[in-house]
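The values are calculated or read from the model by the stated rules, or taken from the named source; none is laboratory data. The structure displayed is predicted, hence computed values, not measured ones. Cβ atoms come from the backbone with ideal geometry, glycine included; neighbour counts cover every protein chain shown.
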Amino acid sequence: MAEIDIAATYQLLGSVAADMREMKGDVRELKSDMREVKHDLAEVRSEVADLRQAVTQYHSAVLGHGILISELDERLRKVERHLGLSPAA
């Protein structure tokens, strides 16, 4: 029967315990990083929502005070024909 080296076993267990403590620290660090990413993502979502609202308001204002783009294209073609110009590309 092979003899068990208690000192080597104890050293191996100590090494495993040290590795586990290191991994536990790494996990804590990753959790902290994930919280920061989650916070940053929430800020970006808020900014995108604000931008979307601003674009919607701008679009509504332009349509409310101007003419539709399709109507503008039609008028441009009429002016080009009237002046004998080649159509805009």
Exercise. So which pairs qualify, if the first residue must be in the range 69-89 and farther than 25 Å from His59 by Cα, the second must be modelled with pLDDT of 80 or more, the Cβ gap must be under 7 Å, and the two must be at least 6 apart or on different chains?
Worked result: Pro87/Arg77; Pro87/Glu80
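Matching residues to (1) assigned to a helix (DSSP H, G or I); (2) modelled with pLDDT under 95; (3) under 33 Å from the mean Cα position of the chain (by Cα):
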{"residue": "Met1", "(1), (2), (3)": "no, yes, no"}
{"residue": "Ile4", "(1), (2), (3)": "no, yes, no"}
{"residue": "Ala7", "(1), (2), (3)": "yes, yes, no"}
{"residue": "Tyr10", "(1), (2), (3)": "yes, yes, no"}
{"residue": "Met20", "(1), (2), (3)": "yes, no, no"}
{"residue": "Val27", "(1), (2), (3)": "yes, no, yes"}
{"residue": "Leu30", "(1), (2), (3)": "yes, no, yes"}
{"residue": "Glu36", "(1), (2), (3)": "yes, no, yes"}
